[in-house]
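Here is the structure we will look at, set down as structure tokens.
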Amino acid sequence: MNLSFAGCGFLGLYHVGVASCFREYAPQVLVDKIAGASAGSLAACCLICNVPLGESTTDILKIAVRARARALGPFHPGFDINTILHDGLVNMFPEDAHLRSNGRLHVSVTRVSDGENVLLTQFDSKEDLIQALLCSCFIPFYTGILPPKFHGVAYMDGGFSDNLPILDENTITVSPFSGESDICPQDSSFSIMQISLANTKIAITPSNLYRFTRILFPPHPEILSKMCQQGFDDALKFLQRHNLISCMRCLEVQSSFTVAEADSSTENDSIENEPEHAYDGCIDCRYRKQMALVDSVPESVVKAIENASDQVNKGVINWLFRHRPVKLLSLLSLPYVLPVDIVIVIFCKLWQLMPTLQKELQKNLTKVLNTLNLVINRLNSKRHMYSAKFSCQLAVTEYDYNRDEDTLAYPTCQRSLKYDEIFSSKLVSDLELGRVKRKSYAGLQGDPSPIKHQRRRSIETDMYIPERVISTMNLGFTVNLESTIETSKNKQQDVMDVLKSFGRDHSELNAIDITNKALSWDLSKYQGSIDPQNADNFECILETTSKHEALMAFYYMDEKMQVKVTEIFNICDSTDKPVNEYDSVWK
Amino acid sequence: MGNRSKQADNFRPASEATEGWVVSIAGLVVNVFMILWKFVPDWMMGWIRWCPTSVEELETSEMKVLSFISRKCHGQFVNVGKLWTLEDHRMWTIKLNADQRSDRLPVVLLHGFGSGVGLWLLNIDSLSSFRPVYAFDMLGFARSSRPTFSTEPFEVERQFVESIEVWRNRVGLNRMVLLGHSLGGYIATSYAMAHPDRIAHLILADPWGFPERPITTSHHYELPMWVKLVATMLRPFNPLAALRVAGPWGPQLVDKFRPDLCQKFNPVVQDKEAIPSYIYHCNAQKPTGEEAFMALTAHFGWAKHPMISRIHQLREDVPITFIYGSRSWVDRQTGFQTKFVRLNSYVDVQVVQGAGHHVYADRPELFNALVQKVCERADIVENRSKQEIETTSVQKQETSVEKDSSDSIDIDSHFDPQLL
């Protein structure tokens, strides 16, 4: 036989009465599953864990008294039922509570996400079990705002979906509301009207109306004690009616019997005319049954209730507050007292939270710093951390050794190559060939204007001296690599990548080709111009080469495995000769 | 002081006269309104009604419910005449297995408060496999006509009994097993007292109105003032007034507050809307049955004249079987008390485990088996008594037969085939 306790808030004392009766007279009923919702789940767990009922009564009454203490009752900010409940349960339950409850205790809860009913039966630890019970007792805006979580899922009071879980046909239902339950108070009114709220059938009677208002607002401990007594009486009535009261000896025999015959017996006596007791002959049983009629709630529970009512009734303050005018006064003073109370509560809560808050703050601070760091890094990456410029310059100046300048009518050409599409930086190749004194200029540059300007100047300085300079070729390029790099993270690698891709780029090659072409074209012109006439000049060249240090020298091997040497001399500053460059090929 | 009273005395006739005026004018207005109301065409009623209900909707919802009965079910209106009013009234009746003449006693089912024949859905099938089954809507409930009942409890009882007696006459039943649930149980008992010859066996399923209201309240605690106040204020209202006040939200109210009723029928009724809408339409119409019930009650559901104090008036040869649900709020002690009151007659009390007030729907198999057993017993007793009568006194038998035949002729003469 299974038991099921309805959720009922502070009317839970009724369950205490029922539980004490069962423990006293029908412990054989308690070996099976026990289910419950809300306060019913607490009662169920207490029964399973064999918690002394006096203790649990004291706890419930303590909460009730505290809920009544303030002017706003349970809604007063100083009343934190969750904490009280949690602490009470931790103290009350034995360490192995979860092991005892596993599979036997059924806690009815409502899943917050979809409002479906869930029966929790597996608990990993004592704390886990308590969490499940707290879930089942969570009434939004009454016990708190955020629903507690069990195994990561948010649940609330089982009373919202199934207030009286029925496990199977042989479930004894216990409800403190008069209605259609196995154990429930019989009201003196005899209402034909009934409603069914979350599986709990409740008759519409004045008493039930009163009980309803007392679910969340506990009545005076004396009334609670009467409810407890009523629970005991109703349970006793049920046990008497179903002949479940036996003496200890018979119980032992019966328990060994029922294991074997459980299935057959339960089905047969579903229609029963006040079932016959299996051990009617036993005098002890009859005696016990008779004695039960005059019995009442056990001593420990009574004592707990007495203590609670003493707490409320005795003392000058309590005496004062029992009078109506004082009650009225306390209500009237509410607007002045309440803000102070709220402030105190907030401070208390903060004080309690201090250690955890500190940790939390620290954690958060480091977190904030980390994110800040990250953000700054991000920003920095957008700025140029360094400028990667790759520049190369080659200046070639060409002389006309014949005075006769008319023979050399070089076409003026200018080539510029723009590689905006390739690099986001501007990559300009300029090839300038002078008019009379041909200037050849090729450049690749990131920011063309200042550099160009500079270069122009340098060219200008070069230009005023020579008369026989045919052309000045200044080859140079600058590659600004940064803009391609800015988006990437690993800069070093990217610089390398860009450099590598440099050669591969065919238009880039074009630029070099063009320069080469220009050079070779120049060279051929030059050779064509000097070869016939300039025999005497050779001496001069020889002289300069032997006298001066070469400004620049190329040694290279061509296709025919001949080493070629090209030397460039600067002779303008030492001698007045206008020769600037000498190029020779050694075979 | 004296002066003042004198003045008051002087004024009284005048104020009474004005009061009389007001009352008569109000009455006139109401009358005119009622007459106008009658001229409102049917199609317009749909526009101005507050409760979304009508006779047709009740009919269709009942059809839907009854469609889940596998056996052929014959429904008809039985005209029960004018009774205590000025108009003809008719009672909606369904019969099963009533065509062939069997020697078995028919079972007549009397529904409870606020329901109708549709709620016997889980029982009529199995009950009708052996014997004829009749079920009807009581006057003032469900599809039967809704005359205004008296406000005097005994008179209300008499009116109900009279209507049932006429109905029995018209349908042509001689003796029957009468099964009443809740309020039906109370009425059935009342009927059995008035017409014990017609009852072969009285089955009372969770009957209402048996226990007496305890004089000394066995209350563990005194109710506070405001609760009493609220209770007193609610007392004059009909029990299901909220359903009609809610108007368009009424059907939802049934769904919300009586999901258990619908759950009971779930295994058979696939359409989840069927039962709630049937219950709603049964109760959303003119609540004369409820008014009659209110007349019978005092103090939230207690009978003004509880049956337990009158059960000795029932003739000793009428056997009674009480069937209680173990979880029901109905106090089954009165069943056992009846046993002691009627020591010389057959009284049996059965408790169906796990069932609530609606025993017949909570555990239909058990309930049907029980009723079947009781009916079989009634059959046997009936046959035995017939044989006894045959063997003992021939003369008496002859006279009784004559009486019977005259009765049956009477039925035929009253019987109007057009109405059936």
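Would you please give the FRET efficiency between A:Asp80 and B:Phe130, computed as 1/(1 + (r/R0)^6) with r the Cβ-Cβ distance and R0 = 51 Å, to the nearest 0.05?
Taking R0 as 51 Å, the efficiency between A:Asp80 and B:Phe130 is 0.20.
Taking only the alpha carbons of the range A:143-245, what extent do you get along each of the three principal axes, in Å, biggest first?
45, 34, 28
Per DSSP helix of 4 or more residues, -39500 (n - 2.57); summed, then divided by the residues of chain B. What does that give at 222 nm, rounded to the nearest 500?
The helix contribution divided over chain B gives -15500 deg cm²/dmol.
Do me a favour and compute the ellipsoid semi-axes for the range A:26-85 from its Cα gyration tensor, root of five times each eigenvalue, largest one first, whole Å.
Working from the Cα gyration tensor, I get semi-axes of 29, 12, 8 Å.
For labels at A:Phe141 and A:Val153 in the simple 7 Å Cα→Cβ model, what's the distance in nm?
Each label point is offset 7 Å from its Cα along the Cβ direction, giving 2.6 nm.
Which residue fluctuates most in the GNM of chain B (Cα springs below 10 Å): B:Ala241, B:Ala192, B:Ala135?
B:Ala241
Give me the percent of Cα-Cα pairs in chain B that sit more than 26 Å apart, rounded to a whole number.
Of all Cα-Cα pairs in chain B, 60 percent lie more than 26 Å apart.
May I ask which of B:Lys72/B:Lys256; B:Lys264/B:Lys304; A:Lys62/A:Lys314; A:Lys62/A:Lys303; A:Lys33/A:Lys62 have a Cα-Cα span longer than 22 Å here?
B:Lys72/B:Lys256; B:Lys264/B:Lys304; A:Lys33/A:Lys62
What Kirkwood hydrodynamic radius, in Å, does the range B:274-348 give when the mean of 1/r is taken over all pairs of distinct Cα atoms and then inverted?
That comes to 15.0 Å for the range B:274-348.
Mind listing P(r) for the range B:123-197? All alpha-carbon pairs, 10 Å bins, whole percents.
16, 52, 28, 4, 0
In Å, what Rg and Dmax follow from the Cα atoms of the range A:8-156?
14.8, 45
Per q in 0.17, 0.18, 0.24, 0.25 Å⁻¹, report the Debye log10 I(q)/I(0) for the range A:55-108, using one uniform scatterer on each alpha carbon and no solvent.
Treating every Cα as an identical point scatterer, log10 I(q)/I(0) equals -0.65, -0.70, -0.94, -0.98.
On average over all directions, what projected area in square nanometres does the range B:188-249 have, based on the convex hull of its Cα atoms?
8.2 nm²
Based on alpha-carbon centroids, what's the gap between the range A:139-169 and the range A:43-109 in Å, whole number please?
15 Å
Quantify how strongly other chains surround peptide B:324-330 by giving the mean number of their Cβ atoms within 10 Å of each of its Cβ atoms.
Mean inter-chain Cβ contacts per residue within 10 Å come to 6.
How would the range B:189-345 be classified by its alpha-carbon gyration tensor: rounded, prolate or oblate, with rounded meaning a/c under 1.5 and the a/b versus b/c comparison settling the rest?
Here the range B:189-345 falls in the oblate category.
Pick out which of B:Gly20, B:Gly250, B:Gly354 has the largest mean-square fluctuation in a Gaussian network model of chain B, springs linking Cα atoms closer than 10 Å.
Result: B:Gly20 has the largest fluctuation of those listed.
Taking every residue in A:192-201, how many Cβ atoms of other protein chains lie within 10 Å of its Cβ, on average?
Counting Cβ atoms of other protein chains within 10 Å of each residue's Cβ and averaging gives 6.
Note the full-extension length gain between B:His299 and B:Ser345 as 0.36 nm times their separation in residues minus their Cα-Cα distance, in nm to one decimal.
13.3 nm
Just so you know, all these numbers are worked out from the coordinates, no wet-lab data involved. All figures in this text were calculated on a predicted structure; none of them were measured in a lab. All Cβ positions, glycine included, derive from the backbone under ideal geometry; neighbour counts span all protein chains shown.
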